[in-house]
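Notes follow the structure.
Nothing in this text is a laboratory measurement; each read-out follows from the coordinates by a stated rule. Source: prediction; values computed, not measured. Heads up, the Cβs are rebuilt from the backbone with ideal geometry, glycines too, and the neighbour counts pull from every protein chain shown.
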Amino acid sequence: DSGVTQTPKHLITATGQRVTLRCSPRSGDLSVYWYQQSLDQGLQFLIQYYNGEERAKGNILERFSAQQFPDLHSELNLSSLELGDSALYFCASSAFPGQGNTIYFGEGSWLTVV
Amino acid sequence: GENVEQHPSTLSVQEGDSAVIKCTYSDSASNYFPWYKQELGKGPQLIIDIRSNVGEKKDQRIAVTLNKTAKHFSLHITETQPEDSAVYFCALSGSARQLTFGSGTQLTVLP
């Protein structure tokens, strides 16, 4: 158990809908990351937050957004969903945001868009 | 940006044999190289990592070697066991700060 908690574990929704994925980082970790894992794209970095502020952006679509709250939990919002958005979405956390900090992953949220 | 290539994509070994997975990269600013193990239905789990000021690191049956000159690093698993069967990902961080992952290696340990 990495200590990173994600909900929901599974989600099925229709195209055009909006969903919110939730993440609680490990106790004491200030930085949260979101990754998308699909069969054809592997593990892709989406976005990073540190202590409530956006730190870095990766291959995140404009239809997707995220935020980190004062209690350090984070949410990833996915809107206008398309079939191609079906994937595993992982949250990860680290104590600090810098290069070389150990990053721990949650168990993921499996999103299926039908 | 950072790019990392991982080989092989699949690897089958007999129980008790060794397994080696190799990753190559291009960004000379990369200085942190973790390896993750992902079992079916679970998140990636950090199994070992190495930083650029170290050439080799070992933890029981797992070792990682780093050759900064040649820009490659490798995961070595000795005395493989069926529970080692999983997908293994190399990763690195450097100038981009975030982890960039390799494409993964499906390791199967045959009993």
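Dipole magnitude for chain B: about 380 debye, using +1 per Lys or Arg Cβ and -1 per Asp or Glu Cβ, origin at the Cα centre.
Here is the size of chain A from its Cα atoms: Rg then Dmax, 13.2, 39 Å. Using Stokes-Einstein with the Kirkwood hydrodynamic radius over Cα pairs, what translational diffusion coefficient do you get for chain B at 37 °C and a viscosity of 0.692 mPa s, in µm²/s rounded to a whole number? Calculated translational D: 236 µm²/s.
Each part reduced to its alpha carbon centroid, segment B:48-111 and segment A:26-96 end up 24 Å apart. Over the protein assembly as shown, all Cα pairs binned in 5 Å intervals from 0 give whole-percent P(r) values of 1, 7, 15, 18, 18, 16, 12, 7, 3, 1, 0, listed from short to long.
In plain terms, chain A is cut at each of the trypsin sites (Lys or Arg not before Pro) found in a DSSP loop with at most 12 other Cβ atoms within 10 Å, and the longest leftover piece is A:19-114.
Neighbour counting of Cβ atoms within 10 Å sorts the residues A:61, A:21, B:99, A:83, fewest neighbours leading, into A:83, A:61, A:21, B:99. Calculated FRET efficiency, residue B:54 to residue A:102, Cβ-Cβ distance, R0 = 25 Å: about 0.95 to the nearest 0.05. Suppose R0 equals 25 Å. What FRET efficiency, 1/(1 + (r/R0)^6) with r the Cβ-Cβ distance, do residue A:44 and residue B:61 give to the nearest 0.05? That gives a FRET efficiency of 0.25. If you count Lys pairs in the protein assembly as shown whose Cα atoms are under 27 Å apart, skipping same-chain pairs closer than 8 places in sequence, the total is 22. In the protein assembly as shown, a dipole from Cβ-located charges (positive for Lys and Arg, negative for Asp and Glu) runs towards its positive end, and of A:6, B:109, A:72 it is A:72 whose Cα lies farthest in that direction. Computed about its Cα centre, the charge dipole of the protein assembly as shown is approximately 360 debye, with only Lys, Arg, Asp and Glu carrying charge at their Cβ. Over segment B:18-73, the fraction of Cα-Cα pairs per 10 Å bin, rounded to whole percents and listed from the shortest bin up, is 21, 52, 24, 3. For segment A:50-114, taking the reciprocal of the average inverse distance between every pair of different Cα atoms yields a Kirkwood hydrodynamic radius of 13.4 Å.
Label-to-label distance, residue A:60 versus residue B:110, with points set 7 angstrom from Cα along the beta-carbon direction: 4.5 nm.
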